[in-house]
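J.: Pasting in a structure now, in structure tokens, and then I'll have a few things to ask.
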Amino acid sequence: MRRLPRGGGRAGVSSSALSQTVASLEKALGIRLLNRTTRSVFPTEAGERLLERLAPALGEIRQAVADLDQLRENPSGTVRINAPGPAADHILCPLAFGFMQAYPEVRVEIVSDAAIVDIVAGGFDAGVRFGRQVEKDMIAVPLGPPLRYAIVASPGYLARRGTPATPHDLVRHDCIRRRFPGGSLATGASRRMARPSTSRPRGA
């Protein structure tokens, strides 16, 4: 028989808590695992056999925990982000360069796609969306200041159709509109009026 080392203190567990845990295990198994005296603790034959069988598994568990500690200190792996083209070019790429310098073991994969895909189902860690195109169960944080878009027209068109003075005037003009891969049309919001308004001009 071998005497068991004092491992409870080293593992951050008190002797009494460890003893109660082993006693609960013995009760569940219906067999004594340890012989206890006032001065020492020895495993029974059943305890020896159980320890021999569990030793490899316990070693794997210790190694798995050690690997997690290593990952916490030195992050590694791949971060996949789904984002529309403008956000990828003007926001994510500048951020990614600094991030990759700070964490060289992490690979950053940015998938530029204007389609509103399911981030979880697509295997992405994060996604970038414009406006309020965010699912209710997602956590959203701003990546930068609001983006501003400009409405432009050729001088010839304005000479023929006139120059719009307010966002509402756009409904009478021929506009080139953007349709997302999911089928929805982009809308423009204006804050130049007393209250924010959204215009839905006609056009392709």
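J.: Suppose we keep only residues that are within 30 Å of HIS173 (Cβ to Cβ) and in contact with a helix residue (DSSP H, G or I) (Cβ under 8 Å, 6 or more places away or on another chain) within the stretch 123-148. Which one would you say is most open to solvent (accessible area, probe 1.4 Å)? Break it down into steps so the answer makes sense when it comes.
T.: Our first condition is that a residue be within 30 Å of HIS173 (Cβ to Cβ); within the stretch 123-148, this holds for 129-133, 145-148.
From the residues that got through so far, the ones that are in contact with a helix residue (DSSP H, G or I) (Cβ under 8 Å, 6 or more places away or on another chain) too are 130, 147.
Numbers: PHE130: 55, LEU147: 95 Å².
Checking each candidate, the answer is LEU147.
J.: The conditions are (1) touching a strand residue (DSSP E or B) at 6+ places or on another chain (Cβ under 9 Å); (2) within 30 Å of ARG178 (Cα to Cα); (3) open to solvent by 50 Å² or more (accessible area, probe 1.4 Å), and VAL120 fails exactly one of them. Which is it?
T.: (1)
J.: Where the second residue is surrounded by 12 or more Cβ atoms within 10 Å (Cβ to Cβ) and of a type in the set (Phe, Trp, Tyr) and the first is within 14 Å of ALA88 (Cα to Cα) and lies in the stretch 111-128, which pairs have Cβ atoms under 8 Å and are six or more apart or on separate chains?
T.: VAL111/PHE124; ALA114/PHE180; ALA115/PHE180
J.: A follow-up question, please. Identify, by number, the condition in (1) over 30 Å from VAL117 (Cβ atoms); (2) modelled with pLDDT under 85; (3) open to solvent by 70 Å² or more (accessible area, probe 1.4 Å); (4) among the hydrophobic types (A, V, I, L, M, F, W, C) that LEU71 doesn't meet.
T.: Against the list (1) over 30 Å from VAL117 (Cβ atoms); (2) modelled with pLDDT under 85; (3) open to solvent by 70 Å² or more (accessible area, probe 1.4 Å); (4) among the hydrophobic types (A, V, I, L, M, F, W, C), LEU71 comes up short only on (1).
J.: So, one more: Given the criteria outside any strand (DSSP E or B), touching a residue at least 24 places away in the same chain (Cβ under 8 Å), touching a strand residue (DSSP E or B) at 6+ places or on another chain (Cβ under 9 Å) and surrounded by 12 or more Cβ atoms within 10 Å (Cβ to Cβ), does ILE151 qualify? Before you say what the answer is, go through the steps one by one.
T.: Values: outside any strand (DSSP E or B): yes; touching a residue at least 24 places away in the same chain (Cβ under 8 Å): yes; touching a strand residue (DSSP E or B) at 6+ places or on another chain (Cβ under 9 Å): yes; surrounded by 12 or more Cβ atoms within 10 Å (Cβ to Cβ): yes.
Yes.
J.: Across the stretch 101-112, what is the number of residues that are loosely packed, with under 11 Cβ neighbours inside 10 Å and under 22 Å from PRO142 (Cβ atoms)?
T.: So the answer is 1.
J.: Let me ask something else about it. What are the pairs, 6+ residues apart or on separate chains, where a residue within the stretch 30-44 that is closer than 16 Å to LEU18 by Cα and among the β-branched types (Val, Ile, Thr) has its Cβ under 6 Å from a residue that is assigned to a loop (DSSP other than H, G, I, E, B) and open to solvent by less than 80 Å² (accessible area, probe 1.4 Å)?
T.: Cβ pairs passing all conditions: VAL41/LEU4.
J.: Restricting attention to the stretch 74-100, report how many residues are open to solvent by 70 Å² or more (accessible area, probe 1.4 Å) and either among the hydrophobic types (A, V, I, L, M, F, W, C) or assigned to a helix (DSSP H, G or I) (or both).
T.: First, pick out the residues of the stretch 74-100 that are open to solvent by 70 Å² or more (accessible area, probe 1.4 Å): 74, 89-90, 94-95, 97, 99-100.
Subsequent filtering for residues that are either among the hydrophobic types (A, V, I, L, M, F, W, C) or assigned to a helix (DSSP H, G or I) (or both) retains 89-90, 94-95, 97, 99-100.
Final tally of qualifying residues: 7.
J.: Now for a different question. What number of residues within the stretch 45-97 satisfy the criterion of being free of Cβ contacts under 8 Å to residues at least 12 places away in the same chain, farther than 30 Å from ARG148 by Cα and not charged (D, E, K, R)?
T.: Result for the stretch 45-97: 15.
J.: For ALA159, state whether it is surrounded by fewer than 14 Cβ atoms within 10 Å (Cβ to Cβ), among the hydrophobic types (A, V, I, L, M, F, W, C) and assigned to a loop (DSSP other than H, G, I, E, B).
T.: Details: surrounded by fewer than 14 Cβ atoms within 10 Å (Cβ to Cβ): yes; among the hydrophobic types (A, V, I, L, M, F, W, C): yes; assigned to a loop (DSSP other than H, G, I, E, B): no.
No, not satisfied.
J.: Any idea which of ALA11, ALA57, ALA66, ALA28 is surrounded by fewer than 10 Cβ atoms within 10 Å (Cβ to Cβ) and at pLDDT below 80? Write out each step before concluding.
T.: Working: ALA57 fails: at pLDDT below 80; ALA66 fails: surrounded by fewer than 10 Cβ atoms within 10 Å (Cβ to Cβ); ALA28 fails: at pLDDT below 80.
Only one candidate qualifies: ALA11.
J.: Which of the residues belonging to the stretch 85-113 are over 22 Å from PRO75 (Cβ atoms) and charged (D, E, K, R)?
T.: Answer for the stretch 85-113, where residues must be over 22 Å from PRO75 (Cβ atoms) and charged (D, E, K, R): ASP89, ASP113.
The values are calculated or read from the model by the stated rules, or taken from the named source; none is laboratory data. All values reported here derive from a predicted model rather than from experimental measurement. Backbone-built Cβ (ideal geometry, glycine too); neighbour counts: all protein chains shown. Ligands, DNA and RNA are stripped out before the accessible areas are found, and what is left, the full protein with its side chains, is counted by its heavy atoms. Shrake-Rupley method; radii C 1.70, N 1.55, O 1.52, S 1.80 Å.
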